[in-house]
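Encoded as structure tokens, the structure appears first; notes follow it.
Read the figures in this text as sums done on the coordinates, not as results from a lab. Because the structure is a prediction, the values reported are computed rather than measured. Using ideal geometry, Cβ is built from the backbone for each residue, glycine included, and neighbour counts are taken over all protein chains shown.
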Amino acid sequence: MAGRQGTRSNRGNGSGGGGRASGKRREETGRGAGPSGKPGLVEYGKPAGRRGGAPVSKPEGKRSADRYDADKGGRQRAGAGAAGRTGGGGREDTRGGRKRGDAAPGGAAFGGNGGTGGRRGGAGAAHGRGADASRSAGRGGQGRPAAGGRAPEQPVLAALARGGRRKGEWLELRLPDQLAGVPVNQLLKQLPLPAKIAGKLMAAKGVDKQGKQLRLKLFREEQPEFPPDWMELNILYEDDFSLVVNKPAGYEVHPSVHGQRGTLAHGVASYYEMSGQRIRIRHIHRLDKETTGPVLYAKNELAHYVFDEAMRSKQIERIYIAVAEGRIAQDKGVIDLPIGQDRHHPTRRRVSETGEPALTRYEVLERFDNYTLVRLQLETGRTHQIRVHLSHIGHPLAGDGMYGGGRQMISRQALHGEKLVWHHPWTGERLTVRAPLPDDMNRMLQELRGVSP
């Protein structure tokens with residue numbers, strides 16, 4: 001089921017090669033030593049029965065140096081857009097008689113176009129500057145992971161689900177001969193439909209079976225709850241179930257006070273309106289106002305339900321890149337410390353014994369004189385989690401004034417969502433989107449490396 005992906009950058013943002021050296025010394029990862037003098041894994045918090053942030057070293061074998069490069073972290077290989085289509089497909093969309101692309105042979109399922117950059121639908125969407133969306137089959141090549149609801153129990157039904165075709169508000173499935181006489185309620189149990197969604201469809205007359213054709217009303221037109229505010233969106237991926245937007249710095253994901261305008265939610269509402277899609281705004285996770293990176297949206301109730309379940313069961317991976325102050329000594333580490341609200345500040349968070357569990361994994365990518373480039377993965381999603389955890393261990397993010405970071409080199413926290421991994425809510429395909437490093441962080445790294453702009 002092909003989805004549209006971004007493939008072209010409006011401006012080059014690679015780290016660049018060559019240039020003059022500034023004399024600043026850097027050290028690449030792999031040279032840090034733990035308390036034993038060997039590279040190791042540091043855990044902060046509970047794993048060894050200790051609290052309060054005392055480091056516990058778990059020695060590991062030596063690892064090779066891995067200098068992070070902006071090109072390697074975000075820029076896509078030439079021609080990857082062509083690979084974004086499966087079966088010669090595209091998406092047939094009958095809303096308002098509009099057709100996007102050619103239907104794939106045999107009735108390709110509702111994926112969007114393989115993006116080629118530029119603007120789309122008058123919405124001013126600069127498609128995926130340097131983005132790389134890849135996909136692979138779900139578990140066993142059929143259905144989706146168990147966390148996403150009921151997976152098809154028979155290969156024939158798995159193939160049936162993947163071969164559906166969207167027509168307006170309906171998903172049409174062509175039943176093989178051996179299933180033509182099976183009752184509707186039994187068919188629904190075998191499809192990748194959570195019981196709650198199947199029940200709603202039946203109650204709303206959203207299931208129709210005529211002979212060998214089964215139709216499901218999965219794409220109901222909805223009234224958007226946010227007024228549209230036009231903004232130029234960087235679309236990293238889109239199909240009929242999912243939308244991924246590369247959030248810029250300075251925008252909140254949704255309003256934080258009544259009547260607030262100009263958030264990413266209002267921009268997505270404008271994009272939906274100008275591209276002829278009557279869809280509610282359903283963000284699945286959030287990023288802080290000054291953090292950049294991909295934000296996943298569900299485009300129908302089925303996707304929303306599946307994604308929420310996947311978030312709860314930690315099936316959606318979020319990988320971040322950050323520049324922390326100081327030199328983090330260990331190559332890898334785990335920070336497992338609860339986070340609660342700071343009673344002295346209405347929006348600030350802190351490590352607290354009475355807070356909610358929070359776990360962050362980190363890996364050093366590159367070291368400089370007074371900074372460290374680090375990759376992080378969240379196991380939980382607490383407010384300001386990465387910012388609080390790194391500040392607590394003595395390495396606040398560069399530019400993060402709230403948690404002790406200085407702003408000599410960047411005016412906001414140097415934190416960027418590098419990669420998002422999720423499973424398609426209908427086919428179970430594993431989808432990966434990478435977001436290119438933003439210009440301000442790229443410039444900061446070039447300066448630290450002594451590379452001329």
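Taking neighbour counts of Cβ atoms within 10 Å as a proxy for exposure, in what order, fewest first, do HIS344, HIS389 appear?
Working: HIS344 7, HIS389 29.
Listing HIS344, HIS389 from fewest to most nearby Cβ atoms yields HIS344, HIS389.
Taking other Cβ within 10 Å of each residue's Cβ, how do LYS247, LYS205, LYS332 sort, fewest first? Could the numbers behind the result be given before it?
Details: LYS247 26, LYS205 8, LYS332 22.
Neighbour counts put them in this order, fewest first: LYS205, LYS332, LYS247.
Take each peptide in 407-416, 167-176, 299-308, count the other Cβ atoms within 10 Å of every residue, and average; sorted highest first, the result is 299-308, 407-416, 167-176. Here the Karplus relation 6.51 cos²θ - 1.76 cosθ + 1.60, evaluated at θ = phi - 60°, turns the backbone of segment 210-218 into coupling constants of 10, x, 8, 10, 10, 10, 10, 8, 8 Hz, with x for every Gly and Pro.
For the pair GLN223 and GLU447, label points projected 7 Å from Cα toward Cβ lie 5.0 nm apart. For segment 391-453, the square roots of the Cα gyration tensor eigenvalues, ordered a ≥ b ≥ c, give a/c of at least 1.5 with a/b no greater than b/c, which places it in the oblate category.
Measure up LYS189/LYS209; LYS200/LYS247; LYS217/LYS299; LYS196/LYS289; LYS167/LYS212 against 22 Å on the Cα-Cα distance and list the ones that go over. Mind dumping the intermediate values first?
On the way: LYS189/LYS209 15 Å; LYS200/LYS247 33 Å; LYS217/LYS299 13 Å; LYS196/LYS289 34 Å; LYS167/LYS212 16 Å.
Listed pairs above 22 Å: LYS200/LYS247; LYS196/LYS289.
FRET efficiency for the pair LYS289 and THR432, taken as 1/(1 + (r/R0)^6) with r the Cβ-Cβ distance and R0 = 22 Å, rounds to 0.30.
Counting neighbouring Cβ atoms within 10 Å and putting the fewest first, the residues ARG278, ARG343 line up as ARG343, ARG278.
Note the full-extension length gain between ARG261 and ARG343 as 0.36 nm times their separation in residues minus their Cα-Cα distance, in nm to one decimal. Please list the in-between numbers first.
On the way: separation 82, 0.36 × 82 = 29.52 nm, distance 2.87 nm.
Stretched out fully, the ARG261 to ARG343 stretch lengthens by 26.7 nm.
Once the chain from GLU356 to GLN408 is taken as fully extended at 0.36 nm per residue, the excess over their C-alpha distance is 15.4 nm. For LEU365, the residues whose modelled amide H falls within less than 5 Å of its own, excluding neighbours fewer than 5 places apart on the same chain, are LEU373, VAL374, ARG375. A straight line joining the Cα centroids of segment 378-453 and segment 249-270 runs 21 Å.
The length gained on full extension between ASP177 and MET274, counted as 0.36 nm times the residue separation minus their Cα-Cα distance, comes to 30.8 nm.
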